[in-house]
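A quick write-up on the structure given underneath.
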Amino acid sequence: MSTKLKAIYNKQEWDACIKECGFFDFYHTFDYHHLSKAEDETPLLLKYSGKYMTVAIPLLARKIKDTNYKDATSVYGYAGPIYKGNIANFDNKKFKNALTKYFLDNNFVSIFSRLSPFINAQNVILKDIGIIVRLGKVVNIDIQKDLDKQRHLFQSRLKTHINRARRLCQVKIATTCEDLEQFKSIYYENMDRVNAKEFYYFNDSYFEKIIKSNDFKSEILLAIDNETGKTIAGCLFITTNGIVQYHLSGTKNDYLHLTPTKLLIDEMRIMASQRGHTFFNLGGGLGGRNDDSLFNFKASFSKDFKEFNLWKFIVNQEVYDELVIKKGIVDKSNYFPLYRLLNDF
């Protein structure tokens, strides 16, 4: 079988390709790429067909302003390559040659992707194709353990908070348009409180499409205060192929002391375990940090940490350097690609 690489843009072929690979997360799906892309980004799935392996890499292609060149990035989340076949017989060099040729032929300067902590062999597939950088850790709850053993690993203070929240709140699964509106309102209030960047203020279309998509299973759990009957917190969880992702959440400012988010995560932990899922990813700290309050909050649930890596590939070094010089950048920052450090092209 000769090797070949194809760019896929339509949903039918995209869906067929990732299903052929078998194990993928919702971050690899057609729907997630299209609901989360920026106006200047074009989702594409690169499918490599080799003798022993099929590899697929989803990306968002972007034009570089005032040039004939492009670069590519990944969706926000945990993406990177997925595959089908015998990794032991994988010819990484042929894959590298095919990938590099495609990027050069199509005027790509650089490629950036966040990788998945839950998909094996991504480092093997991408070996010597640019560099793989370890960013930090994410927190996984091992939901394959017995429920009591999972809870035994909780920090004692967390158990106290969850017990208290269970006494004071009820949990319900969002099923109505009103439920969704309440969740969005709480989420935006939470983003205001933490002074979140504009990127995190997803629009109505984003929420509607992520809930209605058939590419993955989305569930919003809401916490209802027993005393007032008000909806005071919500969490959006997304499940694909046994991977449960803690995607978005929020708590009303007046009810932060009740710690309802901890209750909602615990409730999904129980549901996911009973459903026989494999991973429950709470994510990491802000910007990949392992020492901030966000990471410490998540780590109170589990010490099953998974490594979170980034892939950085300069396809055309000469043009890359020219773009950096053109922007007047002398900073040796780890930002990638460096020519987008200031005002993004």
Assign unit charges at the C-beta atoms only (+1 for Lys and Arg, -1 for Asp and Glu), then state the dipole size of segment 25-69 relative to its Cα centre in Debye, rounded to the nearest 20. 260
Can you tell me the alpha carbon radius of gyration of the chain divided by the globular rule-of-thumb value 2.2 N^0.38 Å? 1.05
What list of ³J(HN,Hα) couplings, whole Hz, do you get for segment 264-276 from phi and the Karplus terms 6.51, -1.76, 1.60, once you set θ to phi - 60° and write x for glycine and proline? 5, 5, 5, 5, 5, 4, 5, 4, 5, 5, 5, 7, x
Rounded if a/c under 1.5, otherwise prolate or oblate - segment 139-306, Cα gyration tensor axes: rounded
How far, in nm, would the chain grow between Glu318 and Thr228 when pulled straight, counting 0.36 nm per residue and subtracting the alpha carbon separation? 26.1 nm
Quick check: the distance between the Cα centres of segment 36-51 and segment 59-131, to the nearest angstrom? 10
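With the Cα gyration tensor of segment 1-130 giving a ≥ b ≥ c as the square roots of its eigenvalues, does the rule (a/c under 1.5 for rounded; else a/b larger than b/c for prolate; else oblate) give rounded, prolate or oblate?
Note, shape of segment 1-130 comes out oblate.
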Through the Karplus equation 6.51 cos²θ - 1.76 cosθ + 1.60, θ set to phi - 60°, convert the phi angles of segment 322-339 into ³J(HN,Hα) values in whole Hz; use x for Gly and Pro. 4, 5, 5, 5, 4, 7, x, 8, 10, 5, 9, 4, 7, 4, 9, x, 4, 5
If amide hydrogens are placed 1.01 Å from N in the peptide plane, which non-local residues have theirs closer than 5 Å to the one on Leu126? none
If the reach is capped at under 14 angstrom between alpha carbons, list the aspartates and glutamates near Lys149, excluding any in the same chain fewer than eight residues apart. Asp266, Asp304
Here FRET efficiency (C-beta to C-beta, Glu39 to Asn86, R₀ 56 Å, nearest 0.05) is 0.85
Does segment 49-116 come out rounded, prolate or oblate, given a ≥ b ≥ c as the square roots of the eigenvalues of its C-alpha gyration tensor, rounded meaning a/c under 1.5 and, failing that, prolate meaning a/b above b/c? oblate
In sequence order, what are the phi-derived ³J(HN,Hα) couplings for segment 300-307 according to the Karplus relation 6.51 cos²θ - 1.76 cosθ + 1.60 with θ = phi - 60°, rounded to whole Hz, with x for glycine and proline? 5, 8, 6, 10, 7, 8, 10, 6
7 Å from Cα along Cα→Cβ at both Ser333 and Glu307: what's the point-to-point distance in nm? 2.7
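For Thr176 and Arg134, FRET efficiency with R0 = 35 Å and r from the beta-carbon atoms, rounded to 0.05?
0.25
Sum -39500 (n - 2.57) across every DSSP H segment of at least 4 residues in the chain, then divide by the residue count to get the 222 nm mean residue ellipticity, nearest 500. Don't skip to the answer; put the middle values down first.
Working: 11 runs with 113 residues, N = 345.
Calculated at 222 nm, the ellipticity per residue is -9500 deg cm²/dmol.
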Candidate lysines - alpha carbon under 18 Å from Lys252, same-chain residues fewer than 8 apart omitted: Lys172, Lys184, Lys230, Lys262
Which is farthest toward the positive dipole end of the chain among Asn214, Phe336, Val124, measuring Cα position about the Cα centre, with Cβ charges +1 (Lys, Arg) and -1 (Asp, Glu)? Val124
Cα-centred dipole magnitude for the chain, charges only on beta-carbon of K, R (+1) and D, E (-1), debye, nearest 20: 980
FRET efficiency estimate (nearest 0.05) - Cβ-Cβ, Arg193 to Asn68, R0 41 angstrom: 0.40
Size of electric dipole in segment 1-92: Cβ of Lys, Arg +1 and of Asp, Glu -1, about Cα centre, debye, nearest 20: 280
Which listed residue (Ser273, Asn195, His247) has the Cα farthest towards the positive end of the charge dipole for segment 139-306, taking +1 on Lys and Arg C-beta and -1 on Asp and Glu C-beta about the Cα centre? Ser273
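Each reported figure results from applying straightforward, stated rules to the coordinates on display, with no laboratory input. Computed from a predicted model, the values in this text were never measured in an experiment. Here Cβ is always computed from backbone atoms with ideal geometry, including for glycine, and neighbour counts include all displayed protein chains.
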